[in-house]
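Asker: Got a structure here, written out as structure tokens. Questions coming.
The values are calculated or read from the model by the stated rules, or taken from the named source; none is laboratory data. Keep in mind that what you see is a predicted model, and the values were worked out from it rather than measured. Please note: Cβ atoms are built from the backbone with ideal geometry, for glycine as well, and neighbour counts cover all protein chains shown.
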Amino acid sequence: MVDFDSLALAPVYDAFGERAILSLGSTSYDLVVIDHTTGIAVEDGSIGVQTIRPAVDARRSALTAHGITVTDLVGGRIVFDTTAWRIKTVIENRLELRLIVMQDD
């Protein structure tokens with residue numbers, strides 16, 4: 001079986017990723033994320049309407065290596081490039097998670 005995470009995603013995150021600190025409660029984790037905070041089109045509801053939301057992508061394998069589940073992420077805080085973001089929701093993909101974020105005050 002082909003390991004797409006290590007063969008395809010790892011080089012992309014190495015080349016284009018940004019170092020980030022994910023805080024869940026009092027615990028912090030080092031991650032590498034892909035920045036989409038300028039906004040991406042996201043389905044808004046079940047009727048197929050799209051809206052633009054800031055987001056970051058994270059490798060599922062990096063999160064599971066830290067013991068982090070999808071349900072742990074909502075309400076968490078992620079900081080990169082000197083800006084703090086609150087995780088509002090998560091869109092799951094097989095190998096990546098798209099974290100829909102809102103700038104934290």
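So that you can scan it fast, the table gives a plain yes or no per residue for (1) over 22 Å from ASP105 (Cβ atoms); (2) buried (at least 17 other Cβ atoms within 10 Å of the Cβ):
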{"position": "GLY25", "(1), (2)": "no, no"}
{"position": "ASP30", "(1), (2)": "yes, no"}
{"position": "ILE52", "(1), (2)": "no, no"}
{"position": "VAL56", "(1), (2)": "no, yes"}
{"position": "ALA62", "(1), (2)": "yes, yes"}
{"position": "GLY75", "(1), (2)": "no, no"}
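Asker: Name the helices (runs of 4 or more DSSP H) wholly within the range 1-76 that hold at least 1 residues that are of a type outside the set (Gly, Ala, Ser) and under 17 Å from ILE100 (Cα atoms)?
Answerer: Filter on the range 1-76 gives 60-65, 70-73.
Asker: Next question, about the same structure. Here are some residues: VAL74, VAL101. Which one is touching a Pro at 6+ places or on another chain (Cβ under 7 Å) and not polar (S, T, N, Q)?
Answerer: VAL101
Asker: Please find, within the range 77-105, the residue that is nearest to TYR29 (Cα to Cα) out of those that are touching a residue at least 40 places away in the same chain (Cβ under 8 Å) and part of a loop (DSSP other than H, G, I, E, B).
Answerer: Checking each candidate, the answer is ASP81.
Asker: Say whether the condition of being touching a strand residue (DSSP E or B) at 6+ places or on another chain (Cβ under 6 Å), surrounded by fewer than 17 Cβ atoms within 10 Å (Cβ to Cβ), charged (D, E, K, R) and free of Cβ contacts under 8 Å to residues at least 60 places away in the same chain is met by at least one residue in the range 7-18.
Answerer: no
Asker: Looking at (1) more than 15 Å from ILE87 (Cα to Cα); (2) without any contact (Cβ under 8 Å) to a residue 24 or more places away in the chain, find the lone condition where SER28 falls short.
Answerer: Of the numbered conditions (1) more than 15 Å from ILE87 (Cα to Cα); (2) without any contact (Cβ under 8 Å) to a residue 24 or more places away in the chain, the odd one out for SER28 is (1).
Asker: Against the definition (over 11 Å from the mean Cα position of the chain (by Cα) and either within 30 Å of ASP3 (Cα to Cα) or at pLDDT below 95 (or both)), how does ASP35 come out, yes or no?
Answerer: Spelling it out, it is not the case that ASP35 is over 11 Å from the mean Cα position of the chain (by Cα) and either within 30 Å of ASP3 (Cα to Cα) or at pLDDT below 95 (or both).
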